[in-house]
1. Condition test on Val300, is it modelled with pLDDT of 90 or more and either part of a helix (DSSP H, G or I) or under 23 Å from Ser227 (Cα atoms) (or both)?
2. State the number of residues belonging to region 309-326 that are surrounded by fewer than 12 Cβ atoms within 10 Å (Cβ to Cβ), under 21 Å from Asp130 (Cα atoms) and out of contact with any Ser or Thr (no Cβ under 8 Å at 6 or more places or on another chain).
3. Out of (1) farther than 22 Å from Leu89 by Cα; (2) buried (at least 20 other Cβ atoms within 10 Å of the Cβ); (3) at pLDDT below 85, the odd one out for Trp352 is which?
4. Looking only at helices (runs of 4 or more DSSP H) that fall completely inside region 104-203, which ones have 3 or more residues that are more than 25 Å from the chain's Cα centre (by Cα), in the same structural domain as Arg55 (by TED's automatic domain parsing) and not polar (S, T, N, Q)?
5. Scanning region 204-215 for residues that are free of Cβ contacts under 8 Å to residues at least 24 places away in the same chain and assigned to a helix (DSSP H, G or I), which turns out nearest to Ser41 (Cα to Cα)?
6. Scan region 158-175 for residues that are at pLDDT below 90 and aliphatic (A, V, I, L, M) and jot them down.
7. Residue check: is Ala228 at pLDDT 90 or above, of a type in the set (Gly, Ala, Ser), in a helix (DSSP H, G or I) and within 29 Å of Gly356 (Cβ to Cβ)?
Amino acid sequence: MDVSDKKRSHPYMFIMQTNAQHSLRKRILTHFYSNSHILTSPSLTSTITTMIHNRYLPQLRNWASTSWASTSLPSTPHNIYLLNKALFLDITTHFLFGPSHTSNFTSNPQETAILHTFELALSRLFWSMDAPHLTRLAGRFGYRTIPARVSAAQQELEALILSWCSKSKERILSQEKENGEKEAEPSAYNLLYTSLSQSSMYPTAQDLDRAVAAEMLDNILASHEISAIMLTCTMYELSRPHNTPILSSLRTEIAALGPEPTPQQIDTLPHLAAIVHETLRVYPASSGPFTRIVPKGGTVLGGYKVPEGTIVAASAYTLHANEEVFPGAGEWVPERWLRAEGEEKRRMGRWWWAFGSGGRMCVGSHLALRSEFFSYLAALAISCVSLGDKSRRRSRLQRIRHRGRAGDEDRADTGDHFAPGGA
């Protein structure tokens, strides 16, 4: 089974061609992905806080303590991007499948190894997604555009997603059998499965399972990649010596919130917002083109008639490089978002296209923009690893304690945690 093949009978929302079909699917998940739900969900907040403090930051501190044990340069490089992907894969899967989901890619070595399967499975995605006819034609002549090891990784990834979906389905059916009540806080899987099970689109249980699995796979691949790229690039920029004043301003802004800021408080911080927008402008997670198929009857783009069936595309990277809108577009300058006012700010907003726009805008944009919280995490991470002298590093950190909910898995306080203090 290939849950990612757009030519099968189980298309997921991103590749649905008709607006009616796309809108119907999007409405199912709109509230779950809404900004109000993202900011007020106790489950999501608890998940993010726990995974950051109990899994992610301990790993960073361990790397920092071993790499900077002496005054010499660190002898062993660490793949921070892979660690960031692991963190956001954990957060994303818990968000999609609910609090009962138990993945731990961040600190379980066996699960961390699966990240390489994700990367390998995605390495030739272009051929199956954007050139399926050419791929099949090449295969008839004995040429494999997708190597056997990549096909094997794709099948392994699909089997993993199906197993997660199967476990979530079992929980839903078990709860219905026991008390007939829905989960207190429904998961995306629960919402989608329950809604589509009442539709006539999927006549068999297998069709339904494959359709939901395809949607979950697309959400997982997109969400964890975007957030990991953004956090990694933010950490890179904040680590650069000439950006020290920006990091200092961010630390000061965050420190003013106290040791346990709420998502709503973090959402209002101007420096955080500027850093998020500028990072997504300079390093758009989807730097490749957003492809669309011209509908029946054709259309006119830029004064040119484009026939139906033509694949057209727009690139966020290209739009973000407009020097007339973003002077010095190649430079990472968060201050541009703080200085801009009036029409200039509105124009910058129109050209900022990190998540697309209109009815096809990324449904997960609010979850990704919760990355303002993750920029806060970046400041924490930089505080842990940027200073070579351990005594100086400790003096510039403010000790706080993380209070988890009693009974939550791995939420018990494991010691002291760090947040940025004064610059």
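1. Numbers: modelled with pLDDT of 90 or more: yes; either part of a helix (DSSP H, G or I) or under 23 Å from Ser227 (Cα atoms) (or both): no.
No.
2. Filtering region 309-326 for residues surrounded by fewer than 12 Cβ atoms within 10 Å (Cβ to Cβ) gives 309, 311, 313, 323-324.
When the remaining residues are screened for being under 21 Å from Asp130 (Cα atoms), the result is 309, 311, 313.
From what's left, out of contact with any Ser or Thr (no Cβ under 8 Å at 6 or more places or on another chain): 309.
So the answer is 1.
3. The one condition Trp352 does not meet is (3).
4. Values: elements: 109-112, 114-122, 125-130, 132-140, 148-178, 188-196.
Counting at least 3 such residues, we get 132-140, 148-178.
5. Our first condition is that a residue be free of Cβ contacts under 8 Å to residues at least 24 places away in the same chain; within region 204-215, this holds for 204-206, 208.
Remaining after also requiring assigned to a helix (DSSP H, G or I): 205-206, 208.
Working: Ala205: 31, Gln206: 32, Leu208: 28 Å.
By that ranking, first place goes to Leu208.
6. Ile172, Leu173
7. Details: at pLDDT 90 or above: no; of a type in the set (Gly, Ala, Ser): yes; in a helix (DSSP H, G or I): yes; within 29 Å of Gly356 (Cβ to Cβ): yes.
The answer is no for Ala228.
The values are calculated or read from the model by the stated rules, or taken from the named source; none is laboratory data. Bear in mind the structure is a predicted one, so any value in this text is a computation, not a measurement. Glycine also receives a Cβ, built like all others from the backbone with ideal geometry; neighbour counts cover every protein chain displayed.
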